[in-house]
1. Return, ordered by residue number, the residues of segment 292-319 whose backbone nitrogen is under 19 Å from a label point located 7 Å along Cα→Cβ of TYR252.
2. Could you sort the peptides 75-82, 266-273, 236-243 by per-residue average Cβ neighbour count (10 Å cutoff), highest mean leading?
3. Separation between the GLU91 and VAL2 pseudo-spin-labels, each 7 Å from Cα along Cα→Cβ, expressed in nm?
4. Counting DSSP beta bridges with both partners in segment 130-286, what percentage is antiparallel, nearest 5?
5. Run the simple label-point estimate for GLU301 and SER16 please: 7 Å along Cα→C-beta, distance reported in nm.
6. Amide H neighbours of CYS95 under 5 Å, counting only residues 5+ apart in sequence or on other chains, H built in-plane at 1.01 Å?
7. Using the basic label-point model (7 angstrom from Cα toward the beta carbon), what is the LYS245 to LYS37 distance in nanometres?
8. Would you check the accessible area of THR250, probe 1.4 Å, heavy atoms only, in square angstrom rounded to 10?
Amino acid sequence: MVGIKDIAKKAGVSISTVSYALNGSQKVTEETRERIKAIADELNYVPNMAARTLKRQQTNIIGVYLADYGGSFYGELLDGIKKGLAFYDFEMIVCSGEKSHLFIPERMVDGAIILDWTFDSQEILQFAQRGHSIVVLDRKLSHEHVRKVLLDNKGGATLAVGEMVAKQTKFVHLITGSTKAYDSQQRLAASTKELQRFGIDYQTIEGDFTEPSGYQAAKEILASQPDFPIDIFAFNDEMAVGVYKFFKETQYEIGKDVRLIGFDHIEIGEFLTPTLATISYSKHRWGMLAAEKIIQLIQGESTEDEHIYTTFINGKSFS
């Protein structure tokens, strides 16, 4: 691998001069900088990021941790994070899996934004205790090096149940996410509390926030010989799409025989027939705020926790 020693030898200058030129220092003339960059390109020089990180103690990269990349939920959120970080001249690397956790203590990233229910909370607190800056989007943690930007899951679930109460529902089928997922826990707690308040019976079917789990849940619901219309609150839109797919294979119609509300307001919901009623919020703003918080933590600025609030979007799937 070509190093700065090779460039210095060919250019007939010192190693420090090459370093100044490649790092934009004003200690070399523009003419020298351009000549050294041309030689570096000719030799196919690639900067050693790890070595530069050790020297500068900063990478200007944030690790964004997700449980998975499936479905259409993450695009808008990641775009918000990317644009938010770019404002501060930072970039992001999207991570998943336990081995990528090492990027934090090894300082391959300057901080972490975490939306990954498989990431253990105790591990996050241990990183924070060592001085690493972290923003969490999916759990309640308190530490001077941790900030929360949480979605108002309880408010959103309460809105959904409120719509069902207004339509005089008699029984509600709740399709949840994983029992370990913070979002699902919050939505379930709010939904059941509200249903109990109004004396409405309900059934819970565990999904995993994926379309196939929504399909399977719908199959289980129909097999239970429910009364019609069937009222379903799917805890995300991906599972709601699975419900659509299942009932499309039956004689029953969404919006007539089956009344359905989702959560997340992903783009595909607007193109379903009938359109999907859902709980909406700005995923882009969620990402932008997360980016802002992590940079403020890194720079030692005063910063507070935030909430992302929800609204109900009318759709013909629940009319």
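The values are calculated or read from the model by the stated rules, or taken from the named source; none is laboratory data. Just so we're clear, the structure is a prediction, and the values are computed from it rather than from any experiment. Cβ placement follows ideal geometry from the backbone for every residue including glycine, while neighbour counts extend to all protein chains displayed. Side chains included, ligands, DNA and RNA excluded: accessible areas come from the protein's heavy atoms. Shrake-Rupley method; radii C 1.70, N 1.55, O 1.52, S 1.80 Å.
1. Residues 316-319 qualify, since their backbone N sits under 19 Å from the label point.
2. Numbers: 75-82: 19.6, 266-273: 15.0, 236-243: 27.5.
With the highest mean Cβ count within 10 Å placed first, the list reads 236-243, 75-82, 266-273.
3. Rounded to a tenth, the inter-label distance reads 1.9 nm.
4. Details: 1 of 20 bridges.
Expressed as a percentage, antiparallel bridges in segment 130-286 total about 5.
5. 3.5 nm
6. Amide H neighbours of CYS95, under 5 Å, 5+ apart: VAL64, TYR65, LEU66.
7. Each label point lies 7 Å from its Cα, and together they span 5.0 nm.
8. 40 Å²
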